[in-house]
Amino acid sequence: MTKIAVFISGGGTNLQALIDAINNEYIKEGYIEIVFSNKKEAYGLERAIKSGIKTMFLDPKEFSGRQEYDEYLAGKMNSMNIDLICLAGYMQILTEKFLDKFHGKIMNIHPALLPSFGGPGMYGLNVHKAVIEAGVKITGCTVHFVDKGVDTGPIIIQKCVSVDDNDTPETLQQKVLKYEHQAYPEAVKLFTEGRLKIVGKRVVIS
């Protein structure tokens, strides 16, 4: 069984989608061992507690910097033998040492069709605002493996959503979120079944 850690900083709707997918046995080969947050008040922690999942909060202020914070966090994940880390609205960029320790074992979901509308500052409503301003007709979401860039890792799954003339960043966010809740469980299911292989910049699904 694949032991999963989910990292959050906020409400955790994608976390809930993963919890539901495990509870209804869509994901049969994995389970969430722990939900971690860098924000004490993150509602996602409440979601985890309600589902009987262990939680962990680390206060960044108690560490000398990001390097020390991530080293401690990586040690905790190693001690629990975590097989997969799912970033679900985790609002910190992981340091290189952390990424090296979990290469090919960290996923993220982004609310646009990467490589478009990604990179520093592209999160939340910022993404949907940029999509509308660019005048594109199709957007969506992307689940990808995390590498040392920002939103640049190998793409696992993408779902498409039409951009209507009357869409606002808020309405587009809700439309995309619906597909995020489909895409993330699908990607995790494939990982837990051993069906994902990274070949260069591509992810091959068997």
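Laboratory data are not the source of any read-out in this text; all were calculated from the coordinates shown. The model shown is predicted, which means the values in this text are computed figures rather than measured ones. Reconstructed Cβ throughout: ideal geometry from the backbone, glycine too, with neighbour counts over all protein chains shown.
The magnitude of the dipole of the stretch 2-196, with charges of +1 and -1 set on the Cβ of Lys/Arg and Asp/Glu and taken from the Cα centre, is near 240 debye. For the stretch 119-128, 3J(HN,Hα) computed residue by residue from phi via the Karplus equation (6.51, -1.76, 1.60; θ = phi - 60°) reads x, x, x, 8, 8, x, 5, 4, 5, 5 Hz, glycine and proline entered as x. Taking amide hydrogens as placed 1.01 Å from N in the peptide plane, the amide H of N38 sits under 5 Å from those of I8, each at least 5 positions away in sequence or on another chain. Efficiency by 1/(1 + (r/R0)^6): what FRET value for Y43 and Q158, r their Cβ-Cβ distance, R0 = 25 Å, to the nearest 0.05? Calculated value: 0.40.
Between F57 and N23, the C-beta separation translates, for a Förster distance of 30 Å, into a calculated FRET efficiency of about 0.80. Counted by neighbouring Cβ atoms within 10 Å, the residues T55, T168 run from fewest to most as T168, T55.
Counting only DSSP beta bridges with both residues in the chain, the antiparallel share comes to about 45 percent. A simple spin-label model places the labels of Y72 and K101 1.2 nm from each other, with each point 7 Å out along Cα-to-Cβ.
Around the Cα centre of the stretch 98-154, unit charges on the Cβ atoms of Lys, Arg, Asp and Glu (plus for the first two, minus for the last two) sum to a dipole of about 80 debye.
Per-residue Karplus couplings for the stretch 192-206, computed as 6.51 cos²θ - 1.76 cosθ + 1.60 with θ equal to phi - 60°, are listed in order as 5, 8, x, 9, 10, 9, 8, 10, x, 9, 9, 10, 9, 9, 9 Hz, Gly and Pro entered as x.
Taking the number of Cβ atoms within 10 Å of each Cβ as an exposure proxy, the fewest-first ranking of S79, S9, S162 is S79, S162, S9. Compared with the dominant Cα axis of the chain, that is its longest principal axis, helix 66-79 is turned about 70°.
Sorted from longest to shortest, the spans of the Cα atoms of the chain along the three principal axes equal 49, 40, 38 Å. Measuring between alpha carbons in the structure, the pairs from K28/K197; K76/K197; K105/K189 lying more than 21 angstrom apart are K76/K197. A simple rule links phi to the HN-Hα coupling: the Karplus curve 6.51 cos²θ - 1.76 cosθ + 1.60 with θ = phi - 60°, which for the stretch 142-149 gives 9, 9, 9, 6, 8, 10, 7, x Hz, with x for Gly and Pro.
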